[in-house]
Amino acid sequence: MTTKPAKIKKPIKLSRLISKTIFYMFIVTLSVAIILPAFFLVSLSFLSTREAYNYPLPLLPTLKTEYSMTFGDRGYLISVYDNFEEEYQTVLDTSETEKITVYMRNQLGTPYTIPEIEEQIAKLESGAEDPVYFSARKNIFLNYISFFQISRDAVPALLRSFQIAGLTILVSLTIGGMAGYAFARYIFPGRDALKFSVLFVRMFPGVAIALPMVIILANMGFYDKPIGLVLVYSVGSIALTIWITASIFMGIPESLEEAAQVFGATKFQTFLRVTFPLALPGLAAAAMYAFLGAWNETVSAIILTQFNPTFPVVVYQALLGAVGNVNLAAAGGLVMAIPSLIFTFIIRRYIQQMWGGVTI
Amino acid sequence: MTAAAASPAKRFRDFGSKAIPYLLIAPVVIYYIFFWIRPVLITVIQSFKSAAGTFTFQNYVMVFTDPNFIPALRNTAIIVVFSVTLEFLGALFLALLINRKFFGSSFFLFIAMIPMALPAVAVGAMWLTGFTAHGWINSLLYYVGIIAEGAKIYWLAGSEWKLLALIIVIDAWQVIPSVMIILLAGLQNIPEETIEAGYVFGGDYITVLRKITVPLLGPTIQTAIILRLISAIQIWLVIVLLVGFSRMPVLVERIVYFHEEVPALDISPLMASGYTIIVSVIVSLAALLYLRVSGAFGGKKEAAQ
Amino acid sequence: MATLKMQNVTKQFGRTVLAVKDFNLEVEEKEFLVLLGPSGCGKTTAMRMVAGLEEVTTGNIFIGNREVTELPPRKRNVSMIFQNYAVWPHMTVYDNIAFALKLKHTPKDEIDKIVKESASLAKIEMLLDRLPSQLSGGQQQRVAVSRAIAVDPDIFLMDEPLSNLDAKLRVSMRTELKAIHDKAGATTVFVTHDQSEAMSMADRIVIMKDGEVIQVGSPDDVYHRSRTIFVADFIGTPPTNFFDVSIQKESDGTHLVNPHLNLKLEPEMAKYLNGYNKDHLILGIRPENILLVDEAKAALSASCLVSEPQGSHQVVAIQLDDNIIKAVAPAAPKIAAGSNVYLDFKQATMRFFDPDSTLAIND
């Protein structure tokens, strides 16, 4: 009998259509509401300083700015076209071309060279046009560049954050993975107590050990050094890794390992060739979790660094002092957010599984 | 058993295999002794030491009489109670919604997870730029037409209650996804037939929700609430970024304040330790409560493994 | 109790998956009807549509003379026993059974009466205070049964309720379920993939494959008068034997021939081939209808592959090319493996199938 998939025309019921439409409209509205703050953060990071302090804020950053130049009291009058007010507004009155280019770059996000300005001045002086209109392309990534230039610490801090996160992964997976395997495969006296302790440590406020660690790390010579933070982060990270890896290893049937041993492998070889490859996806998730924890952590970082901050600390300081240049701080914040978003996206199934699959 | 004694080699191997679990957990134990137990003990001891080095309760007295102590405690408590409630309800709603598995639900899930993926400083930046008088919230309201051109709402000024409400909403925005995920996992662990039986035997949507779904979610809800509790007690960064130190004190903010903002004061290290211990005690109580109700501490689940 | 009528019911999932195609069925009052078929044949989907747990894509469903197609489950007055019991773990056995009654605002003493009656019918009246986690699988099953009885529905729906029980319990529960059905005088739709279960319990069997109804009939009908090769193969243990044969008209009558077999058809059987134009067909015959005879009378001779003694009889397996043919022989004398066997067929029980349409020609 031929079973060709036939397309049946479903009878369209009006009431069902209406309720479905309303449902999806609701979902879309909810999604927008959830994303809205993040959207503004992104948008803000692309706005020029002048735009950022304009009210109301433009929803979308402009890509081009219109200028007009005419003669002014002190030299040249530079005006900028305001999209909202729909008119040209004077911003600068000077004869120094350098001041003009600096202003155009820093306040308006449109880098312009001195020769280019002189070209416009020439046009004005020649009498051909008055005022002279010109437009400049906006470099929307300027905020990001500026953030890293203005905060001298930013680039080293970024590298430091990566370094610390990476080392934390190493430490947690090694120490935590070993313990996780022990929990999964062995029953030993003290197992319950250890399990309980690990969970307790995980929940303990990180800030509580940060203060004494200042002294301990200083004694070890690790204060204000990346390795110090790695040691502190690993405390919580190891606990979480144990939790995750225990559940992963429990999910690998012991019979697979026993089979390997029957066919001649030692316990270590079995782990290397059978257990480890099978656990790899879960271990990758555990690694990303460790990364995220270390990457995002702020409190201990503030307390335990001074001249060698991590990236979140730099952003934090920029924000605290963000009386000026909110848009730069937004850019900094976003730079932090990008790896975080990427990794969370990758492991989102694991996050779910972790809560569904883990028994404590 | 054979009468022949086990050879030394075999005894060594037996010992080796018995020792394996201990070898595996040794690193953790050692690590925790050095980098957790030791610091915690130091903090505890430190909190009972006066500046001169004698044993004293004075530090705690100082903390309790700190004019900011009661406000900090109160603010923290209010935030915890309201945000956990709000977050729980919101997350439950979202989890039930996503569990219906409509077209696009997994994309919606990803969107719903975005707030949780953002680091705290990014979230701080986000709301800071929103709630200033010329921030994007006012801009948005203007575009939508809710407020007139010149009128700006001064979100960050005003009564403490208003500020608390703001903090609670902000916190909810970021935290609801993580609670939702826990609840979602719990929902998906309920076999579908168990719910369907509710419909077959007379229930409508609300009835089934009330009498079957939510009761079966009980353990999951407990987990989510207590974990949230523990995090909520430690809230501080967003508050500081929005209104600075001391304007609206909360427990952990006091710790950072004394350690980073006014470290030169004599009382600072003492206050910081004192507050630290208090936060630790409160959180530990919550953690113990969690471990007890989830049966982790020698519960039936152990046997199931 | 009421009748059930499903009219042109189809169920489509997504854009191309047709789980149920044009399903038509009328179930009489008090009938025990079984939906039988392999996994994925649509039987469970069909039943869930009756329950209201799946939306009908097109078609109508009537319970009694009410159309229920658009009604939610609770308004259909049906009850259901699920494959995984679906007993609510957070309620006692008593509350599980009383759930629907409480929702209907039945007075308390009446609830009590009904619960106790249903529980005793299912033989669990002593377990009313327990929680499901304290019960065995079989006991949870009975709770599900009791819960279904208590609501006094128009239709009982049972979705493979015995599949999760161990073999011995399964057989004894069959009898109990049937007894409860008889006692309650209920109209029942029962879904299973186990053909012996269907055969032993059903008044009528609906055999389904790939979303379509293949045959509807009494156990007798589907067993002796299988409509297609699929049915003949699916029903019966061991299943029907099939022979690919060509039809040869010879001087002494019609013969069915293949490399191993030469069977002279009796006139009543040859009659069936009158309207049939092709020169070959598939011959189906059940193991118990293959007889061990003397060499002279044999239509088929071969060597025995293995013989499986079953106590009261033995199942003799012979290998012909790629097929294994099984015949049921008396327990004695024991046929040795490798020995020659001579077989003849009880012609009246033979079924002829068109090799292309797989439909039976006999009818």
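Each value in this text was obtained by applying a stated rule to the coordinates, not by laboratory testing. As the structure is a prediction and not an experimental result, all values here were calculated from the model. Please note: Cβ atoms are built from the backbone with ideal geometry, for glycine as well, and neighbour counts cover all protein chains shown.
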Estimated distance in nm for a label pair at residue C:167 and residue C:363, the labels positioned 7 Å out from Cα along Cα-to-Cβ
3.4
Per-residue [θ]222 nm for chain A (sum of -39500 (n - 2.57) over DSSP H runs n ≥ 4, rounded to 500):
-20500 deg cm²/dmol
Which one of A:246, A:260, A:329 has the biggest mean-square fluctuation once chain A is modelled by GNM with Cα springs under 10 Å?
A:260
Suppose only helical runs count, i.e. DSSP H with n ≥ 4. What mean residue ellipticity at 222 nm does that imply for chain B under -39500 (n - 2.57) per run, divided by all residues and rounded to the nearest 500 deg cm²/dmol?
-23000 deg cm²/dmol
Under 5 Å between amide H atoms, partner at least 5 residues away or on a different chain: which partners does residue A:92 have, H built in plane at 1.01 Å?
A:78
Testing the spin-label approximation: label points 7 Å from Cα along Cα→Cβ at residue A:256 and residue C:348. State their distance in nm.
6.1
Loop-located chymotrypsin sites (Phe, Trp or Tyr not before Pro) in region A:267-334 whose Cβ has at most 14 other Cβ within 10 Å (DSSP):
A:307
Which whole-number percentage describes the relative contact order of chain B, with Cα contacts under 8 Å and a sequence gap of 6 or more?
25
Tell me which chymotrypsin sites (Phe, Trp or Tyr not before Pro) from region B:67-129 have a DSSP coil assignment and no more than 16 other beta carbons within 10 Å of their own.
B:102, B:103
Find the relative contact order for chain C and round it to a whole percent, using C-alpha pairs within less than 8 Å whose residues are 6+ positions apart.
15
Out of C:97, C:285, C:124, a Gaussian network model of chain C with alpha-carbon springs under 10 Å gives the largest mean-square fluctuation to C:124
A student applying the Cα gyration tensor rule (rounded when a/c is under 1.5; otherwise prolate if a/b is larger than b/c, oblate if not) would label chain B oblate
On C-alpha positions alone, give me the angle between the axis of helix A:114-125 and the longest principal axis of chain A, in degrees, nearest 10.
30
If R0 is 60 Å, what FRET efficiency do you get for residue B:160 and residue A:276 from their C-beta distance, rounded to 0.05?
0.65
Could you tell me how many degrees, from 0 to 90 and to the nearest 10, lie between the Cα long axis of helix A:14-46 and the main elongation axis, the longest principal axis, of the Cα atoms of chain A?
70
Would you mind ranking C:321, C:203 so that the residue whose beta carbon has the fewest other beta carbons within 10 Å leads the list?
C:321, C:203
Compute the normalised compactness of the protein assembly as shown: alpha-carbon radius of gyration over 2.2 N^0.38 Å, N being the residue count.
1.27
Long-range amide H partners of residue B:234, meaning residues 5 or more apart or on another chain whose placed amide H is closer than 5 Å, are none
In the Gaussian network model of chain C, springs joining C-alpha atoms below 10 Å, which of C:197, C:308, C:250 carries the largest mean-square fluctuation?
C:250
Quick check: the angle from helix A:226-250's long axis to the longest principal axis of chain A, C-alpha only, nearest 10 degrees?
50
If we count other beta carbons within 10 Å of each Cβ, what is the order of C:160, C:295, fewest first?
C:295, C:160
Need one number: % antiparallel among DSSP beta bridges in region A:64-139, to the nearest 5.
100
In whole percent, the Cα-Cα distances of region A:64-139 spread across 10 Å bins from 0 upward as 20, 60, 20, 0
³J(HN,Hα) across region C:288-295 via Karplus (A = 6.51, B = -1.76, C = 1.60, θ = phi - 60°), whole Hz, x for Gly/Pro?
6, 9, 9, 10, 7, 10, 6, 3
Suppose only helical runs count, i.e. DSSP H with n ≥ 4. What mean residue ellipticity at 222 nm does that imply for chain C under -39500 (n - 2.57) per run, divided by all residues and rounded to the nearest 500 deg cm²/dmol?
-7000 deg cm²/dmol
Residue order, fewest to most beta carbons within 10 Å, for A:262, C:316
A:262, C:316
Residue A:23/residue B:153 FRET efficiency (R0 25 Å; Cβ-Cβ; nearest 0.05):
0.20
Here, residue A:60 and residue A:125, labelled 7 Å along Cα→Cβ, have an inter-label distance in nm of 4.0
Any lysines with Cα under 26 Å of the residue C:102 Cα? List them, leaving off those in the same chain fewer than 8 positions away.
B:211, C:75, C:113, C:116, C:123, C:183
Give me the net charge of residue B:88's neighbourhood, meaning all other residues with Cβ under 13 Å from the Cβ of residue B:88; Lys, Arg count +1, Asp, Glu -1.
-1
What translational diffusion coefficient, to the nearest whole µm²/s, does region C:1-158 have by Stokes-Einstein, given a Kirkwood radius computed over alpha-carbon pairs, a temperature of 10 °C and 1.306 mPa s viscosity?
95
Relative contact order (percent) for region A:212-341, with alpha-carbon contacts under 8 angstrom and 6 or more residues of separation?
29
